[in-house]
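See structure below.
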Amino acid sequence: MSAATALRIQSATCEAAFIARCAVEALRLELDTYPKPGLVSLVDSGSHDDMDAATFKASAAALEPYFCELAEAGARGLGMDGLRRIGLAAEAAMLAATGGVNTHRGAIFGLGLLASAAGALGAGVSSIRPGALGAHVARTHAQGILNGPVLLHAPGARARRRHGVGGAPAEAAAGFPTVYRIGLPALRHRLALRPDDPEAARVEACFALIAATEDTNLLHRGGPDGLAFARRAAAAFLARGGVGQPDWRQAAESAHRDFVARRLSPGGAADLLAMTVFVARHEHAGRPRALPLGHAGTGPSGKPASC
């Protein structure tokens, strides 16, 4: 093997490792964010009795090598069938780490596709143009996503069939429009106004995503009425100024309590928030390490999120 070839292999491996750490960092920052209505955080378990912050941390740690595989697969141009095999292995690792609890199935799908796109576009070493990750997923994998196998017994799949919504597959096949049109603008707007408080920016993005998304997790738990309630509550928080209102934290905590009382959990919005953080990290004017998204930036091994 020539020195140049060895260097290229080492560089590709380094890029994939960095992309994987960014994916896990996005999951950890989503967990760190509070208040998020009905969702698990470091503060409490939201509307869930079967999982807590420790469950999420164990799951995120178990997924890092699979995000690395997905980034490497993207760099090799692997098709949707190959990515799906890695995703299923990641799901098995998640279930083993959590004792059978589904913490991150939706994130494995969406964030996994974005990690693959990041590997394909070389996003581990430099920033890429806005919209590139989602556009790559739509251009390369849309048909494979929409024509793929249906998980008949998964709650999200049942909700999609029962209520006639597109859910995560439609979002991914279209290039993640909710991330780009809703999540990123909300996150970046608040980061620009309050660069010293990235958690507040993530809370704003979370509420914006809840207000805009036909979340199959909400449909599964609360039906159309539960979804409508959640979207109205999130929209009302934003209409009052979001995290720009003086008592925003109390208002967000009040919404959180209302969701918990109704056992509502917008898990789809949580997945989209993690994807938003990941995309913001890479589609940024400067090296992907530069954007101030928060401070959960050490990998499960304790190494900094760099290569």
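The values are calculated or read from the model by the stated rules, or taken from the named source; none is laboratory data. Please read these numbers as outputs of a predicted model, since none were measured by experiment. Because the Cβ atoms are built from the backbone with ideal geometry, glycine has one as well, and the counts that use them run over all protein chains shown.
Which pairs turn up if I take residues in the stretch 107-119 that are touching a residue at least 60 places away in the same chain (Cβ under 8 Å) and look for partners that are assigned to a helix (DSSP H, G or I) and of a type in the set (Asp, Glu) with beta carbon separation below 7 Å, at least 6 apart in sequence or on another chain?
Filtered contacts from the stretch 107-119: Ala107/Asp271; Gly110/Asp271; Gly119/Glu15; Gly119/Glu72.
Only one residue in Ala168, Ala172 is modelled with pLDDT of 95 or more and under 17 Å from Arg105 (Cβ atoms). Which one?
Numbers: Ala168 fails: modelled with pLDDT of 95 or more.
Exactly one residue qualifies, and that residue is Ala172.
The rows are residues; the columns are (1) surrounded by fewer than 24 Cβ atoms within 10 Å (Cβ to Cβ); (2) touching a residue at least 40 places away in the same chain (Cβ under 8 Å); (3) over 14 Å from the mean Cα position of the chain (by Cα).
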site: Pro35; (1), (2), (3): no, yes, yes
site: Ala60; (1), (2), (3): no, yes, no
site: Leu70; (1), (2), (3): no, yes, yes
site: Leu78; (1), (2), (3): yes, no, yes
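So which residues in the stretch 188-205 are acidic (Asp, Glu) and either in contact with a His (Cβ under 8 Å, 6 or more places away or on another chain) or at pLDDT 95 or above (or both)? Lay out the reasoning, then the answer.
Just the residues of the stretch 188-205 that are acidic (Asp, Glu), to begin with: 196-197, 199, 204.
Once the filter is applied, which keeps residues that are acidic (Asp, Glu) and either in contact with a His (Cβ under 8 Å, 6 or more places away or on another chain) or at pLDDT 95 or above (or both), the stretch 188-205 yields Asp197, Glu199, Glu204.
Which is part of a helix (DSSP H, G or I), in contact (Cβ under 8 Å) with a residue 12 or more places away in the chain and crowded, with 23+ Cβ neighbours inside 10 Å, of Ala200, Ala205?
On the way: Ala200 fails: crowded, with 23+ Cβ neighbours inside 10 Å.
That would be Ala205, the only listed residue that is part of a helix (DSSP H, G or I), in contact (Cβ under 8 Å) with a residue 12 or more places away in the chain and crowded, with 23+ Cβ neighbours inside 10 Å.
Name, by its number, the condition in (1) outside any helix (DSSP H, G or I); (2) within 29 Å of Asn102 (Cβ to Cβ) that does not hold for Pro246.
Unmet condition: (2).
Being under 27 Å from Asp196 (Cβ atoms), modelled with pLDDT of 90 or more and either touching a strand residue (DSSP E or B) at 6+ places or on another chain (Cβ under 7 Å) or surrounded by 18 or more Cβ atoms within 10 Å (Cβ to Cβ) (or both) narrows it down to one of His282, His220, so name that one. Quick ask: steps written out before the conclusion?
On the way: His220 fails: under 27 Å from Asp196 (Cβ atoms).
None of the other options fit; the residue is His282.
Quick check, is Leu191 of a type in the set (A, V, I, L, M), in a helix (DSSP H, G or I), buried (at least 21 other Cβ atoms within 10 Å of the Cβ) and touching a residue at least 12 places away in the same chain (Cβ under 8 Å)?
Numbers: of a type in the set (A, V, I, L, M): yes; in a helix (DSSP H, G or I): yes; buried (at least 21 other Cβ atoms within 10 Å of the Cβ): yes; touching a residue at least 12 places away in the same chain (Cβ under 8 Å): yes.
Considered against the rule, which asks whether it is of a type in the set (A, V, I, L, M), in a helix (DSSP H, G or I), buried (at least 21 other Cβ atoms within 10 Å of the Cβ) and touching a residue at least 12 places away in the same chain (Cβ under 8 Å), Leu191 comes out as yes.
Among the candidates Ala239, Ala208, single out the residue that is modelled with pLDDT of 95 or more, more than 22 Å from Ala274 (Cβ to Cβ), of a type outside the set (Phe, Trp, Tyr) and out of contact with any His (no Cβ under 7 Å at 6 or more places or on another chain).
On the way: Ala208 fails: more than 22 Å from Ala274 (Cβ to Cβ).
Step by step, each of Ala239, Ala208 is checked, and only Ala239 is modelled with pLDDT of 95 or more, more than 22 Å from Ala274 (Cβ to Cβ), of a type outside the set (Phe, Trp, Tyr) and out of contact with any His (no Cβ under 7 Å at 6 or more places or on another chain).
Every residue, every condition in (1) in contact with a Lys or Arg (Cβ under 8 Å, 6 or more places away or on another chain); (2) over 23 Å from Ala269 (Cα atoms); (3) not charged (D, E, K, R), yes or no:
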| site | (1), (2), (3) |
| --- | --- |
| Pro65 | no, yes, yes |
| Glu69 | no, yes, no |
| Gly74 | no, yes, yes |
| Gly77 | no, yes, yes |
| Met80 | no, yes, yes |
| Leu95 | no, no, yes |
| Gly100 | no, no, yes |
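Step by step: first the residues of the stretch 236-255, then only those that are farther than 20 Å from Pro185 by Cα and touching a Phe, Trp or Tyr at 6+ places or on another chain (Cβ under 8 Å), then the one that is surrounded by the fewest Cβ atoms within 10 Å (Cβ to Cβ). Which residue is that? Working first, answer last.
At the first step, the residues of the stretch 236-255 found to be farther than 20 Å from Pro185 by Cα are 246-247, 249-251, 253-255.
Filter once more, so that each one left must be touching a Phe, Trp or Tyr at 6+ places or on another chain (Cβ under 8 Å): 251, 255.
Working: Ala251: 19, Ala255: 21.
The extreme case among them is Ala251.
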